[in-house]
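First up is the structure itself, then whatever we jot down about it.
The values are calculated or read from the model by the stated rules, or taken from the named source; none is laboratory data. Just so you know, these numbers come straight off a predicted model, no measurement behind them. No Cβ is skipped: glycine too gets one built from the backbone with ideal geometry, and neighbour counts run over all protein chains shown. Just so you know, the surface numbers come from the protein's heavy atoms only, side chains and all, with ligands and any DNA or RNA stripped out. Shrake-Rupley method; radii C 1.70, N 1.55, O 1.52, S 1.80 Å.
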Amino acid sequence: MDVSRLNRNCLGWSALTLVVFATLDWQAPGASAAGTSKYAHSDSDKRFLHHIDLYDRNNRKISPESTEPYSVEKTCGRCHDFETISHGWHFNTFASEVERQRVKAGSEADAAKNAGEAPAKLESADHSDAEAAHAESETVRSDGRPGEPWIWTDARTGTQLPLSYRDWEGRFSPSQIGITTHEMTQQFGARIPGGGIAASWDPDAQTPIGGDAEPTRWPLTGSLEIDCMACHAKSGAYDFERRRETIEDENFAWAPTAAIRIGDVSGSVSRMKAGVDLDDEKVQAKLPKVEYDDRRFGIDGTVFFDLVRKPENNSCYQCHSQRTVSDAGIDARWNHDQDVHLRAGMNCVDCHRNGIDHQTVRGFEGEKHPAGVAATTLSCRGCHMGASESTDAHADELDDELSLTQIAFRAGRLGSPFPKHVGLPPVHFEKLSCTACHSGPIPGEEAVGLMTSLAHGLGEKGHRSGMELPSIQGPVFAKADSNGLVTPHRAMWPAYWGELVDGKVTPLPPEEVYTNTRRALRVRKDFIEELSDKGREEFDEKVAAALAAIQKTMEVEQAVYVSTGLVFTRGEEEGSLVEVAVENQEAIEMVRWPMAHNVRPAGWALGATGCLECHSDDGRVFTSTITPKGPAPMTADPINMASIQGLDEATRLEWNQLFGGRKMFKVLTAASLIVLLLAAVGSCLPTIRSRME
């Protein structure tokens with residue numbers, strides 16, 4: 001027996017079992033105690049040193065001579081609770097929390113059926129029971145406040161289609177449209193850390209769990225596993241661009257290996273046909289291969305991973321960057337102060353925290369954390385003002401004196417100052433969110449263009465003008481669906497090719513649309529530049545021809561094109577278009593989602609210069625406008641913020657009159673009081689003199 005080798009292995013396993021909480025930033029009150037986990041933990045604030053053995057997807061140890069990519073699940077899952085981690089918010093961006101509960105309930109029902117038992121929830125078809133089951137599902141897990149959609153963009157067909165697997169208004173479900181999970185993974189996989197349906201397919205059945213009907217490419221590409229290194233690798237050690245290129249080549253299973261740069265990946269699955277026999281030696285020879293850097297392997301066969309427990313900002317910026325766009329193009333970064341918290345030295349994870357479940361706190365008011373814990377003081381209002389000033393669901397816990405001793409309910413976290421808001425009537429806190437005054441671009445006469453990492457691939461090297469699709473604008477001051485407070489939003493109008501049935505429009509699969517309209521549109525790269533910019537006549541002719549092609553080849557009875565809130569279909573004359581009305585207006589109208597960053601300092605907040613900054617006839621929070629934009633050459637009417645908020649313009653103007661002469665009213669009031677005081681003193685002087693005499 002090789003005793004030295006045995007000792008090394010024992011030491012290695014002993015060390016590895018200590019790191020389950022290396023990925024933890026905090027353990028929130030109410031969460032299960034760390035001691036209940038079967039995984040060991042270090043309980044120290046220091047970084048744990050990771051010299052670890054690598055394993056491939058078949059659970060075989062990797063050596064410098066191996067050609068298979070390493071599996072994050074098989075490697076990291078040896079010491080970390082991978083199952084618990086995998087349910088985190090970031091790993092389920094391609095899946096609905098509610099849907100997962102339905103899947104779970106279905107599995108339990110199947111298990112009960114196989115055991116010859118009737119599942120309790122399905123025993124009765126009574127309507128009240130159905131409502132109770134639905135309420136329980138919503139209580140157990142919800143989709144949360146709407147966030148930025150996945151915007152499927154194709155400049156060749158003038159498409160900007162908002163998608164989401166979550167039940168959010170204005171977003172379309174990819175599966176209902178016919179977009180496969182594999183297509184979603186290839187299109188957006190570089191902007192997720194993996195997991196969810198991007199990693200949930202049955203290799204035996206060779207079909208995704210998501211239910212894709214056609215022969216799939218998953219057996220070739222492999223799963224896009226959760227890549228812990230995307231967040232926990234030391235800044236500079238992880239190559240996001242290399243990961244993106246690997247995913248574009250459909251080398252999903254090879255992406256973690258390429259990104260951490262422990263080896264070079266050669267070959268591309270995108271060049272291979274689906275449905276081939278993976279046991280065929282010729283097919284095996286064409287699959288991507290890894291050539292590991294033997295310098296990364298230690299004498300004991302382990303590889304050093306330079307990791308941090310708290311993800312650094314650089315990891316967040318890959319998916320959460322934003323740039324503003326003016327008429328002159330993309331605004332220069334050097335002229336901006338960025339977020340006030342970042343400038344003060346804070347990190348993203350100081351507020352956006354999570355436990356081992358990786359259910360990251362999103363930080364909005366009234367957030368119901370999936371772990372069932374209080375996250376009150378990790379919102380703007382809660383952090384600065386405490387739970388007593390918050391609308392959080394946990395505010396009722398303040399009745400318990402012990403709650404005041406818990407950090408989750410006290411103001412002043414991380415040294416945050418208490419905002420006194422001198423002279424600001426309390427009604428503002430009942431109508432406005434903190435972000436309404438403090439976050440996003442300073443409003444002007446019109447909403448400005450915005451570019452985001454998720455929508456525009458910020459971070460990828462390229463030459464951008466700022467005019468690229470999708471057309472996103474902000475800030476839009478609208479009432480948030482979660483709490484009814486006026487909140488700044490980003491917004492866009494969908495543009496897509498669809499089918500009109502019984503007065504309702506439904507999008508068609510974007511890739512199929514491109515295939516069937518390529519000859520009719522004759523657009524090589526840019527729909528706007530090559531078609532829309534040439535005028536309405538050229539647009540009508542080409543789009544009408546494309547609609548005819550769709551109806552013929554895709555067996556669609558009435559095809560339509562949606563853009564800028566309008567729906568176009570073929571007219572009676574050849575090469576003409578007519579606008580039609582639809583019943584489901586939500587499918588063509590503005591889609592918006594709240595924005596919280598960048599946070600401006602107090603001196604840049606709305607109202608810092610006085611009441612008239614908002615309460616005047618041209619107060620930007622009410623009069624700033626947004627104009628529907630899309631690929632179609634249409635000039636839509638601008639929409640002002642007051643109408644979006646549901647305010648009556650006449651009432652608003654009357655209300656402003658109370659503020660117009662407010663300064664003069666204060667001066668007159670003060671002068672009147674002084675005159676009255678002098679008069680009172682003057683009337684008392686004779687009496688005082690007589691008494692003195």
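One residue stands out among those in the stretch 446-486 that are among the hydroxyl-bearing types (Ser, Thr, Tyr) and open to solvent by 10 Å² or more (accessible area, probe 1.4 Å): the one that is nearest to residue 152 (Cα to Cα), which is 471. Scanning the stretch 305-358 for residues that are more than 25 Å from residue 435 (Cα to Cα) and of a type in the set (Val, Ile, Thr) yields 308, 356.
Inspection of the stretch 530-540 finds a residue satisfying the criterion of being open to solvent by 60 Å² or more (accessible area, probe 1.4 Å) and of a type in the set (Lys, Arg). Looking only at residues in the stretch 69-94 that are in a loop (DSSP other than H, G, I, E, B) and open to solvent by 50 Å² or more (accessible area, probe 1.4 Å), the one that is nearest to residue 230 (Cα to Cα) is 87. From the residues in the stretch 578-632 that are touching a residue at least 24 places away in the same chain (Cβ under 8 Å) and part of a strand (DSSP E or B), which one is nearest to residue 505 (Cα to Cα)? By that ranking, first place goes to 591.
Examine the stretch 603-619 for a residue that is open to solvent by less than 40 Å² (accessible area, probe 1.4 Å), over 30 Å from residue 533 (Cβ atoms) and of a type in the set (D, E, K, R), and state whether such a residue exists. Scanning the stretch 603-619 turns up no residue that is open to solvent by less than 40 Å² (accessible area, probe 1.4 Å), over 30 Å from residue 533 (Cβ atoms) and of a type in the set (D, E, K, R). Here the strands (runs of 3 or more DSSP E) wholly within the stretch 481-544 that include at least 2 residues being modelled with pLDDT of 95 or more and either under 27 Å from residue 323 (Cα atoms) or aliphatic (A, V, I, L, M) (or both) are 486-492, 496-501. Residue check: residue 235 meets all listed conditions (1) open to solvent by 40 Å² or more (accessible area, probe 1.4 Å); (2) more than 30 Å from residue 453 (Cα to Cα); (3) not hydrophobic (A, V, I, L, M, F, W, C) but one, namely (2). Listed by first and then second residue, the pairs with beta-carbon distance under 8 Å, at least 6 apart or on different chains, first residue in the stretch 420-442 and in contact (Cβ under 8 Å) with a residue 24 or more places away in the chain, second aromatic (Phe, Trp, Tyr) and part of a strand (DSSP E or B), are 436/477. Considering 337, 350, the condition of being open to solvent by less than 40 Å² (accessible area, probe 1.4 Å), under 27 Å from residue 457 (Cα atoms) and either modelled with pLDDT under 90 or not in a loop (DSSP other than H, G, I, E, B) (or both) is satisfied by 350 alone. Output the residue which, of all residues in the stretch 635-649 that are within 19 Å of residue 614 (Cβ to Cβ) and aliphatic (A, V, I, L, M), is surrounded by the fewest Cβ atoms within 10 Å (Cβ to Cβ). My answer is 647. When residues in the stretch 261-310 are screened for being in a helix (DSSP H, G or I), over 33 Å from the mean Cα position of the chain (by Cα) and either among the polar types (S, T, N, Q) or surrounded by fewer than 13 Cβ atoms within 10 Å (Cβ to Cβ) (or both), 6 of them pass.
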